[in-house]
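First up is the structure itself, then whatever we jot down about it.
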Amino acid sequence: MLVLAGIVVIVAGFLLRFNPLLVVAVSALVTGLAAGIDPLAILAAFGKAFNANRFVSAIYIVLPVIGLLERHGLQERARSAIAGLRGATVGRLLIGYLLFRQITSALGLTSIAGPAQSVRPLVAPMAEAAAERQGVPPGGDAIPALAAATDNVGLFFGEDIFIAIGSILLMKGVLEGYGIMIQPLHLSLWAIPTAIAALLIHGGRLWWLDRRLARGA
């Protein structure tokens, strides 16, 4: 019954209008001590929960910052920057971004870019500006969609090279369930040819887009 003391702490804390985060933390501490759990183990559980869910609070910080930057002309700045580069094309720009996305994902930096962080505020406006220089009419969803697809291809085929990514561990567990013992390093190494193939295939599509735009198609 002592384990239920945490519930009493929560009820009392909310009735007395204490800080909810403090109430929940004290309740968890009381429950753990009542169950005979070592204080260091309780502290470790707190640390693990914070480390696993810290991205939730990070999103609340990143998204308003991006929105504020867009309101003050981030997309216009991105457009003007690419418009001032001679020889910049939508294909070359997205091939460079694809390579960047694959390399960073292979190093485990999967959150360094993405649809919200980089595609909408930077990559898509720059790609649209480059496409307009090549004769594509303003507006439409084709170029932004291509920029988002490039981000997905780079992330999807680049992250498997990183040995500690969830997909590698999932494949290892599934294969072991069928009696196939394999090390995560081997899966990561075999992901490299796939990533190179994805770079060549999607890069070829982007290169062919530049060729079609150059012909006025």
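Worth pointing out:
- Selected residue [assigned to a helix (DSSP H, G or I) and of a type in the set (A, V, I, L, M)] from I168, I163: I168
- Listed conditions (1) surrounded by 17 or more Cβ atoms within 10 Å (Cβ to Cβ); (2) assigned to a helix (DSSP H, G or I); (3) in contact (Cβ under 8 Å) with a residue 24 or more places away in the chain are all met by V136, apart from (2).
- Residues in segment 171-217 that are outside any helix (DSSP H, G or I), open to solvent by 70 Å² or more (accessible area, probe 1.4 Å) and farther than 25 Å from S105 by Cβ: Y178, I180, M181, R215, A217.
- Where L15 falls short, out of the listed (1) aliphatic (A, V, I, L, M); (2) modelled with pLDDT of 75 or more; (3) open to solvent by less than 50 Å² (accessible area, probe 1.4 Å): (3)
- Evaluation of A58 against (1) surrounded by fewer than 13 Cβ atoms within 10 Å (Cβ to Cβ); (2) modelled with pLDDT of 70 or more (one fails), failing number: (2)
- Enumeration of residues in segment 140-176 that are touching a Ser or Thr at 6+ places or on another chain (Cβ under 9 Å) and among the acidic types (D, E): D151, E159, D160
- For the residues I82, I7, I37, I66, the requirement of being assigned to a helix (DSSP H, G or I) and either open to solvent by 80 Å² or more (accessible area, probe 1.4 Å) or modelled with pLDDT of 80 or more (or both) singles out I7.
- Answer residue from segment 18-34, given it is among the polar types (S, T, N, Q) and modelled with pLDDT of 75 or more and is farthest from the chain's Cα centre (by Cα) among those: T31
- Enumeration of residues in segment 14-34 that are among the aromatic types (F, W, Y) and assigned to a helix (DSSP H, G or I): F14
- Positions within segment 86-133 being among the basic types (K, R) and either open to solvent by less than 60 Å² (accessible area, probe 1.4 Å) or in a loop (DSSP other than H, G, I, E, B) (or both), in sequence order: R86, R101
- Segment 100-125: number of residues that are of a type outside the set (A, V, I, L, M) and touching a residue at least 60 places away in the same chain (Cβ under 8 Å): 1
- Among the residues of segment 152-170, those identified as open to solvent by less than 50 Å² (accessible area, probe 1.4 Å) and touching a residue at least 12 places away in the same chain (Cβ under 8 Å) are V153, G154, L155, G158, E159, D160, I161, I165, I168.
The values are calculated or read from the model by the stated rules, or taken from the named source; none is laboratory data. Because the structure is a prediction, the values reported are computed rather than measured. All Cβ positions, glycine included, derive from the backbone under ideal geometry; neighbour counts span all protein chains shown. To get the accessible areas, we keep the full protein, side chains included, count just its heavy atoms, and leave off ligands, DNA and RNA. Shrake-Rupley method; radii C 1.70, N 1.55, O 1.52, S 1.80 Å.
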